[in-house]
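The values are calculated or read from the model by the stated rules, or taken from the named source; none is laboratory data. The shown structure was predicted, so the numbers you read here are calculated from the model rather than taken from an experiment. Cβ placement follows ideal geometry from the backbone for every residue including glycine, while neighbour counts extend to all protein chains displayed. In case anyone asks, the SASA skips ligands and DNA or RNA and just uses the protein heavy atoms, side chains included. Shrake-Rupley method; radii C 1.70, N 1.55, O 1.52, S 1.80 Å.
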Amino acid sequence: MGDGVNIAVMPDSFGGTLTAVEAAAAIGAGWHAARPDDVVTLAPQSDGGPGFVMVLEKAFGGEVRTQSVTGPLGEPTRASWLMHDGVAYLEVAQICGLQLVPAPRTPQTALAATSAGLGDLISTALLAGARSIVVGLGGSVTTDGGRGAAERLGGCAAAVRILSEVELVAATDVDNVLLGPRGAAAVFAPQKGADPATVELLEERLTGWAQELRDVAGREVADEPGAGAAGGIGAM
């Protein structure tokens, strides 16, 4: 009888190289080659960013669907989402992710990038009968606070009505608020091509959007932990 032990391999993605699923498979294969008596369980993880849908499909199955949506600069792009047991899982990184605006990213692309495609997929999930929608937030190239997605649903007030019968969940590993020194523009926009002047413009734009959200929601959405995730989509 061997002296094997139980091993859990639980990596997130290796940015720009391996997905979480690929990383888990590679690590598991290497471990098994060195210690064949061990029982290796692969359990790839996601923080809500790139690979979110793939990790969940690997974990519990479901139906992966792919469609064309509005990309971050208005061009069509293909995005996959998962339907499982009445819950739709969407991945912002596939819709308006950093990889969809190749480097060098500029102040112009930082200002132009939109989350409109998220509205496209939310509409699709609702038409498919989703009772809950879980949105993986991370790796976005936009800093529009989710305005593009809300406008695709008919505007802020219309989006509230449309989503009133559905549980909407934000899956994120950050607790940044929408505005200020810990907000979406100040913390995340520089990696999306924004220079200091553009960060100020994005902050002003988000401040106006926060007022609209407050008027509709009846509370300071901008101050809630996670509101600044994925360029402020967490505030939507």
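Structure summary
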item: Enumeration of residues in the stretch 51-74 that are in a loop (DSSP other than H, G, I, E, B) and under 29 Å from ASN6 (Cβ atoms); result: GLY51, GLY61, GLY62
item: Where ALA217 falls short, out of the listed (1) touching a Leu at 6+ places or on another chain (Cβ under 8 Å); (2) open to solvent by less than 80 Å² (accessible area, probe 1.4 Å); result: (1)
item: Test for LEU18: is it of a type outside the set (Val, Ile, Thr), closer than 29 Å to VAL141 by Cα and assigned by the TED database to the domain that holds ILE95; result: no
item: Count of the stretch 177-193 residues which are open to solvent by 30 Å² or more (accessible area, probe 1.4 Å), more than 23 Å from GLY155 (Cα to Cα) and of a type outside the set (Val, Ile, Thr); result: 6
item: Filter pass, MET83 being in contact (Cβ under 8 Å) with a residue 24 or more places away in the chain and surrounded by fewer than 21 Cβ atoms within 10 Å (Cβ to Cβ); result: yes
item: The stretch 1-21: number of residues that are out of contact with any Ser or Thr (no Cβ under 8 Å at 6 or more places or on another chain) and not hydrophobic (A, V, I, L, M, F, W, C); result: 7
item: The stretch 155-170, residues that are of a type in the set (D, E, K, R) and either surrounded by 13 or more Cβ atoms within 10 Å (Cβ to Cβ) or without any contact (Cβ under 8 Å) to a residue 12 or more places away in the chain (or both); result: ARG161, GLU165
item: Test for VAL199: is it of a type in the set (Val, Ile, Thr) and open to solvent by less than 20 Å² (accessible area, probe 1.4 Å); result: no
item: Test: residue in the stretch 194-209 that is farther than 26 Å from ALA158 by Cβ and of a type in the set (Gly, Ala, Ser); result: yes
item: Residue in the stretch 91-119 that is most open to solvent (accessible area, probe 1.4 Å), counting only those that are out of contact with any helix residue (DSSP H, G or I) (no Cβ under 9 Å at 6 or more places or on another chain) and of a type in the set (A, V, I, L, M, F, W, C); result: ALA103
item: Selection within the stretch 1-54 - open to solvent by less than 50 Å² (accessible area, probe 1.4 Å), within 26 Å of ALA170 (Cα to Cα) and among the aliphatic types (A, V, I, L, M); result: VAL9, ALA20, VAL21, ALA23, ALA24, ALA43, VAL53
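To keep it simple, each residue is scored yes or no on (1) farther than 27 Å from ILE95 by Cβ; (2) at pLDDT 85 or above.
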| residue | (1), (2) |
| --- | --- |
| PRO11 | no, yes |
| THR17 | no, no |
| ILE27 | yes, yes |
| ALA34 | yes, yes |
| ASP37 | yes, yes |
| GLY48 | no, no |
| PHE52 | no, yes |
